[in-house]
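Only one structure is covered here, and it is reproduced in the block below.
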Amino acid sequence: MQTTWIVLAVGFALLASHRFRPDFVAVATVLALQLSGALTLDQALAGFSNPAVLTMAAFMSLSYSARSSDWSPRWESLLARLGRTPGALSFWTMWGSGLFAGIMQEEQASGVLMPGTIRAGRRHGVPPSKLLLPLAYGALLGRTMWLVGSPAALLVAWAMSARGMTPFGVFSFLGVSLVFLALASAFMAWVGHTVLPRKRAEADPLDRFRIRQRMRSFVVRANSPLIGKALGNVSWGARSDVVVLGVKPTKEPILAPRAQLQLAHGDVLVAQVNPDEVAPLCEAAGLEPVPGVTLGQPDITRGDIELVEVVVRLESPLQGQTLRQVDFRRRYGLSVLAIARGAQVLLERVADLPLQGGDVLLLQGDRRRVDLMLPEAKAIPLGERAVPQKTKERSWWALGGAVFGIALAGSGWLPVLSAVLMMALVL
């Protein structure tokens, strides 16, 4: 009884201090009461729904912590040392993604390891087309390595426990999963990688999306009707696919210009436009094309302004909407240069195309605006885009916390839910 009062007193003191979130303090207090023996596990979790759902929520916290850490450089260095041939790289890629998927969801494991895998392959002349399939298959096999990695297994274990049967343990599937992972990795190393296509992706997104030939420079003439107008209020008429990527006044260039920017005589516009519409555009807008200029990525990216490829997820609110309907440019401060849909690249009238789940958007804009757009639009960045990472010390905390939580649960010292929930709170 004395322990119960002490735990409650500490919980109230932490709530009153406002130093921790109320939900964190509440869950920590309930967990402390359960571990002290004041409450049974069922009593401690009576305010929640299915214990399997809560276990998955705690495991997702561990997964998010590991995903948010800076693993890519370490993984790239390790993979480059272990694998020097396509077969060896495929073998170790499958093992790495399989083991990583044991402590996080398989799609997150693939996403975390993908940049390092691509760069390690480039070191030894192996294209991504040889490595990304082993990466995905390894993650799929590794997800069943621990009980907490599979929602279906957790639900079955909870149902078995509720009916008085001995439930699955944390390591019940470990042996079988390791055998299948080893066999699949060996097959991929000896045979599988030889039948995978050897395609070298174009490194520059301007080439992948066929945009380079559509980039032009224009000078605003003295008689241009654009003078004094805000960029967002300019009507391009039938040429609605004109995208202004930068404005070069007399001083420093302005990349990814905002809609409020007013144009002036002598400004140089860097724009994406259909080559067949250059002449009518110049006549109607009072522009003079700049001859003999070859534009590339350095002309539209600098500092925090970058090109990013993002995938529209199936549950994205953008699905079924056009960029014009959601006022994408004003809402997010980003320009959509092109849309890739399957093997097709869409460049004409992209503002009026209803978006679909799986579409890849090529964006230009400030990386901070991209970071704000991704969760709201439910989109996923692709490629090797640099994202804010946690420190090296926190990376090891994340890995250590996940491994320690799984070890505690597997040892039988604590119930699975208590162990995983404790590690989620610590992280």
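For the stretch 192-229, how many residues meet the condition of being open to solvent by 20 Å² or more (accessible area, probe 1.4 Å), at pLDDT 85 or above and either of a type in the set (Gly, Ala, Ser) or part of a loop (DSSP other than H, G, I, E, B) (or both)? Break it down stepwise before answering.
Start the filter on the stretch 192-229 by keeping residues that are open to solvent by 20 Å² or more (accessible area, probe 1.4 Å), which leaves 193-204, 207-208, 210, 212-213, 216, 219, 221-223, 225, 227-229.
From what's left, at pLDDT 85 or above: 193-196, 210, 212-213, 216, 219, 221-223, 225, 227-229.
Filter once more, so that each one left must be either of a type in the set (Gly, Ala, Ser) or part of a loop (DSSP other than H, G, I, E, B) (or both): 196, 210, 221-223, 225, 227-229.
Residues meeting the conditions: 9.
What number of residues in the stretch 162-186 are in contact with a Gly (Cβ under 8 Å, 6 or more places away or on another chain) and at pLDDT 90 or above?
The number of residues fulfilling the criteria is 3.
Could you check the stretch 81-105 and list, in sequence order, the residues that are crowded, with 19+ Cβ neighbours inside 10 Å, in a helix (DSSP H, G or I) and of a type in the set (A, V, I, L, M)?
Passing the criteria: LEU89, MET94, ALA101.
Within the stretch 291-312, which residues are surrounded by 13 or more Cβ atoms within 10 Å (Cβ to Cβ) and among the polar types (S, T, N, Q)?
GLN297, THR301
Can you list the helices (runs of 4 or more DSSP H) found entirely within the stretch 276-378 that contain at least 3 residues being among the hydrophobic types (A, V, I, L, M, F, W, C)?
Correct list: 278-285, 367-377.
Filtering the stretch 263-275 down to residues that are open to solvent by 10 Å² or more (accessible area, probe 1.4 Å) and outside any loop (DSSP other than H, G, I, E, B), which residue is nearest to ASP207 (Cα to Cα)?
Looking at residues that are open to solvent by 10 Å² or more (accessible area, probe 1.4 Å) and outside any loop (DSSP other than H, G, I, E, B), I get PRO275.
For the condition without any contact (Cβ under 8 Å) to a residue 12 or more places away in the chain and open to solvent by 30 Å² or more (accessible area, probe 1.4 Å), what is the one hit in GLU288, GLU283, GLU315, GLU348? Steps first, please.
Details: GLU288 fails: without any contact (Cβ under 8 Å) to a residue 12 or more places away in the chain; GLU315 fails: without any contact (Cβ under 8 Å) to a residue 12 or more places away in the chain; GLU348 fails: without any contact (Cβ under 8 Å) to a residue 12 or more places away in the chain.
When all the criteria are applied, what remains is GLU283.
Okay, residues lined up against (1) under 22 Å from the mean Cα position of the chain (by Cα); (2) touching a residue at least 24 places away in the same chain (Cβ under 8 Å):
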site: PRO134; (1), (2): yes, yes
site: TYR137; (1), (2): yes, yes
site: LEU140; (1), (2): yes, yes
site: ALA153; (1), (2): no, no
site: TRP158; (1), (2): no, yes
site: ALA162; (1), (2): no, no
site: THR166; (1), (2): no, no
site: VAL170; (1), (2): no, yes
site: ALA189; (1), (2): no, yes
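Filter the stretch 230-255 for residues that are modelled with pLDDT of 85 or more and small (Gly, Ala, Ser); which is surrounded by the most Cβ atoms within 10 Å (Cβ to Cβ)?
GLY246
Are any residues in the stretch 168-177 open to solvent by 60 Å² or more (accessible area, probe 1.4 Å) and part of a helix (DSSP H, G or I), and if so, which ones?
Within the stretch 168-177, VAL176 is the sole residue that qualifies.
Just the residues that are closer than 11 Å to ALA32 by Cβ and open to solvent by 90 Å² or more (accessible area, probe 1.4 Å), please, taken from the stretch 1-21.
ILE6
Name the residue, out of ALA120, ALA159, ALA152, ALA189, that is open to solvent by less than 40 Å² (accessible area, probe 1.4 Å), modelled with pLDDT under 80 and in a helix (DSSP H, G or I).
ALA159
For the condition within 30 Å of the chain's Cα centre (by Cα) and modelled with pLDDT of 85 or more, what is the one hit in LEU287, LEU263, LEU295, LEU314?
Exactly one of LEU287, LEU263, LEU295, LEU314 is within 30 Å of the chain's Cα centre (by Cα) and modelled with pLDDT of 85 or more, namely LEU295.
Out of all the residues in the stretch 89-117, which are modelled with pLDDT of 85 or more, among the small types (Gly, Ala, Ser) and under 15 Å from GLU76 (Cβ atoms)?
Residues satisfying the conditions are GLY96, SER97.
Free of Cβ contacts under 8 Å to residues at least 40 places away in the same chain and either on the phi < 0 side of the Ramachandran plot or of a type outside the set (Val, Ile, Thr) (or both): which single residue out of ILE305, ILE300, ILE339 fits that description?
ILE339
Collect the residues in the stretch 312-358 that are closer than 22 Å to ARG210 by Cα and β-branched (Val, Ile, Thr), keeping them in residue-number order.
VAL312, THR322, VAL336, ILE339, VAL345, VAL350
Out of the residues in the stretch 373-401 meeting the condition of being farther than 30 Å from GLY303 by Cβ and out of contact with any Phe, Trp or Tyr (no Cβ under 9 Å at 6 or more places or on another chain), tell me which one is modelled with the highest pLDDT.
GLY400
The values are calculated or read from the model by the stated rules, or taken from the named source; none is laboratory data. A quick note: this is a predicted structure, and the numbers were derived from the prediction, not measured. Note: ideal-geometry Cβ built from the backbone for every residue, glycine included; neighbour counts use all protein chains shown. When the accessible area is computed, the model is the full protein with side chains, heavy atoms only, and any ligands, DNA or RNA have been set aside. Shrake-Rupley method; radii C 1.70, N 1.55, O 1.52, S 1.80 Å.
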